[in-house]
Amino acid sequence: MSRWNDSKSYFVRGDSGRNVGAKGSSSPSFVVMPKRNSSVVGREFGIGVRNAIEQSGMTQRQLAELLDWQEAKISDMVQGKGGVTEAEVRELLAYCRVDRDEVRRLLALYNESREKGYLRFMEGGALVPLRTLMNHERGTSKITTWSLTVVPGLMQIAAYIRALMESSSVIKPADIDGAIRMKLERQALFHGDREFVFYLHESALRLPVGGPAVMRAQLLHMLTMTMRPYITLRIVPTSIGAHAGVATSFIKLEYEKHPPVIWLEALRTGLFLDDAETMSAYDDLLKLLDVQALSVEESRELIIGALPPEQQPPLDHE
């Protein structure tokens, strides 16, 4: 496992090999990050570069003219594809007047961008892993979620989020309102240009987060969301006993132009996995969940059945 000296972010290696341009390299400023399909770390680097350019007030074309570069070179950088030296990264960031801490963060990402996987700690605030996830969700074509114990985050209403945050051991009371705003902001992803598939265990419907009133509102919201044609929600029933997803919850992010990645969230961390062997294992898990989960209509009936009789909407069996 490779660790930055000046931050609390870690990268989990899926491949062996020398870390070119990292600490100990004889001439890091002259090693070029080769152009390639971007990794999850490379895209995180690219997001940071794009933000730096936007905050400078310049366009990519204006910056390219100042640097005497082809505009395509900057385009490759913001897409995480490489093709630049560390010295060139430093030069670009200097023109953008990026502060010292952000320069260190982006250079660390640059040097680790060929590694597989990306582990993000909560150093700098409890919402850092969530913001990292949101950055990578924006370019997706499909998001598949498996949730073992609670309603998936993208479907949570504000009162449900607040109840979860108030019971958390890592979220400070002063951060709760900000966490709610960020989680609701994340739901702006819901529109028809990407597909959403949600698998969740029945226990998520039965756990009384926030009390009966909050749970009623949450279940009704889920039913409403399932009416959207680009959302599929299926429930793994308690009655089947042991199931394929018993180990952990996760999110699979798929892209049109990049390989897919898996997102895992723990108490104080978020972890991206993108190596082929891991992706194959999670694909096999999803295939099993697809077999074990109820149909879309059966899942709707189960949600409706969890509501008080007087609040149950009519079933549509057309």
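Scanning segment 258-293 for residues that are touching a residue at least 12 places away in the same chain (Cβ under 8 Å) and either outside the structural domain of T224 (by TED's automatic domain parsing) or assigned to a loop (DSSP other than H, G, I, E, B) (or both) returns H258, P259, P260, L267, R268, D274, D275, A293.
Of everything listed in (1) of a type in the set (A, V, I, L, M); (2) at pLDDT 95 or above; (3) touching a helix residue (DSSP H, G or I) at 6+ places or on another chain (Cβ under 7 Å), the single unmet condition for L315 is (2). Within segment 183-206, the residues that satisfy the criterion of being touching a residue at least 60 places away in the same chain (Cβ under 8 Å) and either surrounded by 15 or more Cβ atoms within 10 Å (Cβ to Cβ) or under 17 Å from the mean Cα position of the chain (by Cα) (or both) are Y199, E202, L205.
Listed by first and then second residue, the pairs linking a residue in segment 294-318 that is more than 11 Å from R216 (Cα to Cα) to a residue that is modelled with pLDDT under 90 and surrounded by 14 or more Cβ atoms within 10 Å (Cβ to Cβ), with Cβ atoms under 6 Å apart and 6 or more places separating them unless they lie on different chains, form an empty list.
Tell me, please, whether a residue that is surrounded by fewer than 16 Cβ atoms within 10 Å (Cβ to Cβ) and in contact with a strand residue (DSSP E or B) (Cβ under 8 Å, 6 or more places away or on another chain) can be found in segment 168-182. There is no residue in segment 168-182 that is surrounded by fewer than 16 Cβ atoms within 10 Å (Cβ to Cβ) and in contact with a strand residue (DSSP E or B) (Cβ under 8 Å, 6 or more places away or on another chain). Which one is surrounded by the most Cβ atoms within 10 Å (Cβ to Cβ) among residues in segment 37-79 that are touching a helix residue (DSSP H, G or I) at 6+ places or on another chain (Cβ under 9 Å) and either on the phi > 0 side of the Ramachandran plot or of a type in the set (V, I, T) (or both)? Per the criteria, the residue is V40. Considered as a group, the residues in segment 207-263 that are surrounded by 18 or more Cβ atoms within 10 Å (Cβ to Cβ), among the small types (G, A, S) and on the phi < 0 side of the Ramachandran plot include one that is farthest from the chain's Cα centre (by Cα), and that residue is A244. Looking at segment 221-240, I want the residues that are within 13 Å of E195 (Cα to Cα) and have a partner that is among the polar types (S, T, N, Q) and assigned to a loop (DSSP other than H, G, I, E, B) with Cβ atoms under 9 Å, at least 6 apart or on another chain. Which pairs are those? Matching pairs, first to second residue: T232/T226; L233/T226.
Filtering segment 118-132 down to residues that are modelled with pLDDT of 55 or more and touching a helix residue (DSSP H, G or I) at 6+ places or on another chain (Cβ under 8 Å), which residue is surrounded by the fewest Cβ atoms within 10 Å (Cβ to Cβ)?
Restricting to residues being modelled with pLDDT of 55 or more and touching a helix residue (DSSP H, G or I) at 6+ places or on another chain (Cβ under 8 Å), the top hit is R131.
The values are calculated or read from the model by the stated rules, or taken from the named source; none is laboratory data. Since the structure is predicted, the reported quantities are computational estimates derived from the model, not experimental observations. Glycine gets a Cβ as well: all are built from the backbone with ideal geometry, and neighbour counts include every protein chain shown.
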